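Take a look at the structure below.
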Amino acid sequence: MVGMTERLRALPKAHTHLHLDGGYPLAAVQRLARAQGGSFERPARFRDAGEFFTAYGTMPALVRDLDDLAALCLALVHAEAQEGVLYLEPSIEPQLYSPRLGDLDTVTRTIVDALQRGAAETGIEVGANLTVNTGLEAGLAEDLARLAARFVGAGITAFGTAGPDDPTGPQRFERAARLARDAGLQVVIHAGQTGGPVDGPASVRAALDVLGATRISHGVHAIHDPELLARLAAEGIVCDVCPASNLALGVAASLEAHPAPAMLAAGVPITLNADDPLWFGADITAQYEIARRVWGIDDAGLARIAGNGVRLPSLSAPVRARFEAALEEWIGSEADGSGPDAAVPDDSLPNDAAPDASAGRLAR
């Protein structure tokens, strides 16, 4: 029999909430740093979200040229394939590298070409979510939506937002989201991660009603609003949930108190994702380990969570069929303790200590 981690690594997965610049494999980043005569080490923990954002910004600065960027993207796809990922859709921000490495078109082309090369080499399917930070101006967001539209069918599958929930609301991104929808892209909005029991659900509703979100990144504060939970379930809105990240940045006080089980109980389709594993040290498989060990979800339940990835419209028909067949095969294969294992103590997970209260307001 295989061990639990190996079995969960073999579980077919979609990984759709992964920030490119926070998701590169640690070993690849360390090689890049050494080539420049330096080093790269992630902190054991972050005191608050401000410290996290400061650290996050150092990663793009290590990338000296387009070849470095392509190599990191390629390494990412190979690493994800090793974790059982059949569909990968990282959030990309070419604006973090442009104009230093070239214009936006050139940088975007470099990223998507490298991702597609990785797809060809590993046999998995790869899309990309061209993402704007909530601090951007509306005009730049619209320019980026037009850029995403130019790459429809050539590697870009979604347009979305990232960053803290904006207390002024998402209205200034309404035109950008409409441009993306009109081009046939998914609209994937960060919402319901911060803001608490009032503003958190409100941000999810605004993502749906103002921006026409087809998928929600995080969405965990929806648990404070039963009507919103019912709506997410009825409309089949997938929420891409990130347990280890939520713990590290104080969105959840503990893994035991994480909202994901309540979302599942309400019928909300969720996927499990790593968010920024370069910084948090917990990959996609680790998220499923949390679901097994801490939440006590058995094989059938884990397969249902993974199977929510099949709902994504960006999957090609052959990959969707392959995904479904692989899930059935995984369920039918020999399990090593398909029931819940002993709970994992919080200190067994990277960056586990909840940061200061400010992190709950400013998490990525």
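The values are calculated or read from the model by the stated rules, or taken from the named source; none is laboratory data. Just so it is clear, the structure is predicted and the values come from calculations on it, not from any experiment. Neighbour counts run over all protein chains shown; Cβ positions are idealised from the backbone, glycine included.
Here are a few things to note about the model shown:
- Single match in VAL220, VAL268, VAL238 (criterion: buried (at least 21 other Cβ atoms within 10 Å of the Cβ), farther than 25 Å from GLU125 by Cβ and of a type in the set (A, V, I, L, M, F, W, C)): VAL220
- In the range 58-80, the residues that are closer than 14 Å to ARG117 by Cα reach residues that are of a type in the set (Asp, Glu) and surrounded by fewer than 18 Cβ atoms within 10 Å (Cβ to Cβ) with C-beta atoms within less than 9 angstrom, at least six apart or across chains, in these pairs: ALA70/ASP113; CYS73/ASP113; LEU74/GLU121; VAL77/GLU121; HIS78/GLU121.
- Only one of the numbered conditions (1) in contact with an Asp or Glu (Cβ under 8 Å, 6 or more places away or on another chain); (2) at pLDDT 95 or above; (3) more than 17 Å from LEU104 (Cα to Cα); (4) surrounded by 23 or more Cβ atoms within 10 Å (Cβ to Cβ) is violated by THR194, and that is (2).
- Of the residues making up the range 202-232, those that are closer than 18 Å to ALA260 by Cα, in contact with a strand residue (DSSP E or B) (Cβ under 7 Å, 6 or more places away or on another chain) and not in a strand (DSSP E or B) are SER203, VAL204, GLY219, VAL220, LEU232.
- Taken over the range 271-302, residues that are among the hydrophobic types (A, V, I, L, M, F, W, C), crowded, with 19+ Cβ neighbours inside 10 Å and part of a loop (DSSP other than H, G, I, E, B) amount to 4.
- Residues that are of a type in the set (Val, Ile, Thr) and touching a residue at least 60 places away in the same chain (Cβ under 8 Å) occur in the range 213-223; there is at least one.
- Test: residue in the range 145-168 that is of a type in the set (S, T, N, Q) and crowded, with 23+ Cβ neighbours inside 10 Å: yes
- Condition check for ILE189 on (1) in contact (Cβ under 8 Å) with a residue 40 or more places away in the chain; (2) buried (at least 23 other Cβ atoms within 10 Å of the Cβ): one failure, at (1).
This table checks each residue for (1) within 22 Å of SER245 (Cβ to Cβ); (2) in a loop (DSSP other than H, G, I, E, B); (3) over 18 Å from the mean Cα position of the chain (by Cα).
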site: PHE46; (1), (2), (3): yes, yes, yes
site: GLY50; (1), (2), (3): yes, no, yes
site: PHE53; (1), (2), (3): yes, no, no
site: ASP67; (1), (2), (3): no, no, yes
site: SER98; (1), (2), (3): no, yes, yes
site: LEU101; (1), (2), (3): no, yes, yes
site: VAL107; (1), (2), (3): no, no, yes
site: GLN116; (1), (2), (3): no, no, yes
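- Residue list for the range 86-120, restricted to those being among the aliphatic types (A, V, I, L, M) and free of Cβ contacts under 8 Å to residues at least 24 places away in the same chain: ALA120
- Of residues in the range 5-41 being assigned to a helix (DSSP H, G or I), over 22 Å from ASN308 (Cβ atoms) and among the small types (Gly, Ala, Ser), the one farthest from the chain's Cα centre (by Cα): ALA35
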